[in-house]
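The values are calculated or read from the model by the stated rules, or taken from the named source; none is laboratory data. Keep in mind that this is a model prediction, so the values were computed, not measured. Cβ placement follows ideal geometry from the backbone for every residue including glycine, while neighbour counts extend to all protein chains displayed. Remember, those area values only see protein heavy atoms, side chains included, never the ligands or the DNA or RNA. Shrake-Rupley method; radii C 1.70, N 1.55, O 1.52, S 1.80 Å.
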Amino acid sequence: VFHGRILVRRVVGQETRYEVEVKGRYRHRFPLVSREYLWVPNTCGCPPLREGGEYLLMARRHVNHEHTLNRILLQDDGYARPWTPREARLVREAARHC
């Protein structure tokens, strides 16, 4: 779970790739750098993320069996909500209990 600002949106085949500035981290299941690519399958019911918008994002690290692909993937069971101080506080509190 992290707070990110969408810099660029680009459709690549059957997926959308977002370049994201990582502004804050809430859960540390895998390391993040200051800029990451977030991949979203076009079949996902997720609303498109707006360039310049800030979101709370819950995504997974996806590594294929051959270990040739390592990326951050937002799936149907993840979430992307507009970032607000209230949402950030709720996520921070939940992270302490999980």
Conditions (1) out of contact with any Pro (no Cβ under 6 Å at 6 or more places or on another chain); (2) open to solvent by 30 Å² or more (accessible area, probe 1.4 Å); number of the one not met by Gly78: (2)
Given the conditions (1) under 24 Å from Ala95 (Cβ atoms); (2) part of a loop (DSSP other than H, G, I, E, B); (3) open to solvent by 40 Å² or more (accessible area, probe 1.4 Å); (4) modelled with pLDDT of 80 or more, report the number of the one that Leu49 does not fulfil. (3)
Residue check, Thr84 against (1) open to solvent by less than 70 Å² (accessible area, probe 1.4 Å); (2) modelled with pLDDT under 85, all met but one. Which one? (2)
Per the filter on segment 9-46, residues assigned to a strand (DSSP E or B), hydrophobic (A, V, I, L, M, F, W, C), open to solvent by less than 70 Å² (accessible area, probe 1.4 Å) and farther than 16 Å from Asp77 by Cβ are Val12, Val20, Val22
Which one is nearest to Pro47 (Cα to Cα) among residues in segment 60-76 that are in a strand (DSSP E or B) and not β-branched (Val, Ile, Thr)? Leu73
